[in-house]
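**Student:** If you scroll down you'll find the structure; I have some questions about it.
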Amino acid sequence: MSQITQCKGTEWIAEASDRLLFTTNRPELIMDRGAGMYMWDTEDRVYLDFSGGWAVTSLGHAPAVIRDVLDQQSAKLIHASPSFYNEPMLQFAKLLTDISCFDKVFFASSGAEANEAAIKLARKYGAAKLGGAHEIITMTNSFHGRTLATMSATGKSQWDALYEPKVPGFCHVPLNDLDACFAAISDRTCAIMLELVQGEGGVNIVDESYLYAIRKACDIYGLLLIVDEVQTGIGRTGTMFAYEHYGIEPDIMTLAKGIGGGFPLSAMLTKESFDLFEPGDQGGTYCGQPLAMAVGQAVVQEVIQSRLADNARIQGDYLKRRLQETGEALGWSQVRGRGLLVAFNLPLPCGAELVKRCLDIGLIINSPSPSVIRLMPALIVTTADVDKMLRLLAECWEALYREQQAAAQ
C-alpha cells in the first residue's frame with residue numbers, strides 16, 4: 001500500500017501539495033461525501049452548498065438517479081470507442097433534440113470542448129458559405145473555457161496577455177451594446193457568440209431587444225448565432241434552456257455543467273442545415289461514451305419529470321426577493337439573475353474574504369469578482385435551504401463589515 005493511501009485529513013493535504021500541480025488556491029479541507037444540498041469533509045464538518053459545484057450538481061449531491069444509472073450502465077457497456085453507435089447515445093440525442101429547437105447533437109466531455117466544437121463549426125460554415133469568413137464576435141466579461149481557442153474567445157481582461165500568442169479570429173464587444181456589435185461585423189465575420197447570462201462575468205443578463213436585434217442581423221448577413229448555455233442550460237434559469245426566455249432560436253447551442261449532474265459531459269447542438277463536418281474534422285475519444293450518455297439522459301429526464309426548471313424559477317424568485325429584503329439593511333445592492341443563477345453586489349470589495357468566512361461556518365458560495373457574490377445552488381433547493389443560507393450569509397457579512405469599518409477608522 002502506498003504512503004498516500006494511508007494518509008488522512010491534514011496529512012492528505014500535505015501529500016497532495018507535493019503531488020498536484022498548483023493551479024488554484026484551495027482551502028485546507030478535503031470534501032468526502034455529499035447528499036442533496038450538503039457536503040461533508042473528512043473531519044465530518046457539514047457544508048450547505050450554494051455554488052452547486054459551479055452550477056454542475058443540478059440534482060444535488062449523490063442523487064439516486066445517477067447512482068442507479070451508473071450501476072446499470074457500467075455493468076453493461078462503459079466504452080465502445082467513438083467509431084460505433086451505442087444505444088444510450090441515440091436515445092439521449094433524441095431526447096435533447098425533442099426538447100429543443102435543434103436537429104443534431106455532438107457530444108463531448110466539457111464545456112470548453114463543446115465551445116471548441118461550436119467555434120470549429122462556425123469556421124467550417126464561414127469557409128463553405130461566407131467566402132472564408134472566420135471571425136467570431138464575442139462579448140467582454142464573457143467566459144467560454146480554458147483551451148487556447150476558448151480563452152481567446154473569452155472576454156476576461158486579465159487573460160489578455162496570458163499564453164500569447166492568442167488564437168486569432170475573435171473580436172470582443174460590450175454586452176448589450178448594439179452599436180458596438182454592429183460596428184464589429186465585417187466580411188470576415190462568420191458568427192456571434194454569447195452567454196445569455198454571463199455567469200463568470202458577474203451574472204449579467206442579455207437584454208431581450210439586444211438579442212432580438214442580433215438575431216435579425218445574423219439573418220440579414222448570413223451569420224451564425226451561437227449561445228453558450230454551459231452554465232444556463234438544463235433548467236437553471238427557470239426554463240429548460242435560457243434562449244426560451246427570448247422567443248428566438250439560435251443556430252448553435254452548447255451545454256455542459258448541469259447536463260451530467262456531476263459526471264463529465266457536454267453537448268453542442270445545431271440545426272440540420274449546419275451539419276457540415278466531414279469525417280476527421282471533429283471528434284474525441286470519449287465523445288458519446290455509453291456511460292456518459294446514460295447519465296445525461298437520466299439527469300435530463302429527472303429535470304423534466306420532477307419539474308425542476310419550475311422549481312428553479314420559483315426558488316430563484318424567492319431567493320432574489322429575500323436577498324433584496326435582507327440586503328437593504330446590509331448594504332447589498334443590484335440583486336439580479338434568472339432562476340437559480342443569482343448575484344448581488346457588496347458595498348466593499350471583500351468577496352473572497354466573505355467566501356472564506358462562510359466556508360468556516362459551513363456555507364459554500366462564490367465570488368466571481370471582489371464586489372460580487374454569486375449563488376447557483378442545485379435545482380432541488382427549497383425555501384428552507386434559502387432561509388438557512390441567508391441567515392449564515394448575513395451573519396458572516398455583518399461580522400466582516402464591522403471589522404472592515406473599524407479598520408478604516
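**Student:** Within segment 242-262, how many residues turn out to be of a type outside the set (K, R) and assigned to a helix (DSSP H, G or I)?
**Tutor:** The initial filter retains those residues of segment 242-262 that are of a type outside the set (K, R), namely 242-256, 258-262.
Checking which are assigned to a helix (DSSP H, G or I) leaves us with 242-245, 258-259.
Looking only at that region, the number is 6.
**Student:** With segment 44-150 as the region, which strands (runs of 3 or more DSSP E) entirely inside it contain at least 1 residues that are assigned by TED's automatic domain parsing to the domain that holds I364 and either under 20 Å from the mean Cα position of the chain (by Cα) or not polar (S, T, N, Q) (or both)?
**Tutor:** Details: elements: 46-49, 104-108, 135-139.
Counting at least 1 such residues, we get 46-49.
**Student:** OK, next. Give me the residue from segment 210-246 that is without any contact (Cβ under 8 Å) to a residue 24 or more places away in the chain and not β-branched (V, I, T) and, out of that set, nearest to A180 (Cα to Cα).
**Tutor:** Initially, segment 210-246 is screened for residues without any contact (Cβ under 8 Å) to a residue 24 or more places away in the chain, giving 216, 219-220, 244.
Pick out the ones that are also not β-branched (V, I, T) and you get 216, 219, 244.
Details: K216: 16, D219: 18, E244: 25 Å.
My answer is K216.
**Student:** How many residues are assigned to a loop (DSSP other than H, G, I, E, B) and surrounded by fewer than 16 Cβ atoms within 10 Å (Cβ to Cβ) when one looks only at segment 151-165?
**Tutor:** 6
**Student:** Next question, about the same structure. If W40 satisfies every condition in (1) among the aromatic types (F, W, Y); (2) touching a Lys or Arg at 6+ places or on another chain (Cβ under 9 Å); (3) more than 25 Å from I259 (Cβ to Cβ); (4) touching a residue at least 24 places away in the same chain (Cβ under 8 Å) but one, which is the exception?
**Tutor:** (4)
**Student:** In the set L346, L375, which member is within 16 Å of G53 (Cβ to Cβ), of a type in the set (A, V, I, L, M) and at pLDDT 95 or above? Spell out the reasoning first.
**Tutor:** On the way: L346 fails: within 16 Å of G53 (Cβ to Cβ).
L375 is the lone residue from the list that is within 16 Å of G53 (Cβ to Cβ), of a type in the set (A, V, I, L, M) and at pLDDT 95 or above.
**Student:** Just checking, how many residues over segment 263-286 are farther than 25 Å from E249 by Cβ and part of a loop (DSSP other than H, G, I, E, B)?
**Tutor:** Number satisfying all stated conditions: 8.
The values are calculated or read from the model by the stated rules, or taken from the named source; none is laboratory data. Note that this is a predicted model, so its numbers are computed, not measured. Quick reminder, even Gly has a Cβ in these numbers, built from the backbone with ideal geometry, and neighbours come from all protein chains shown.
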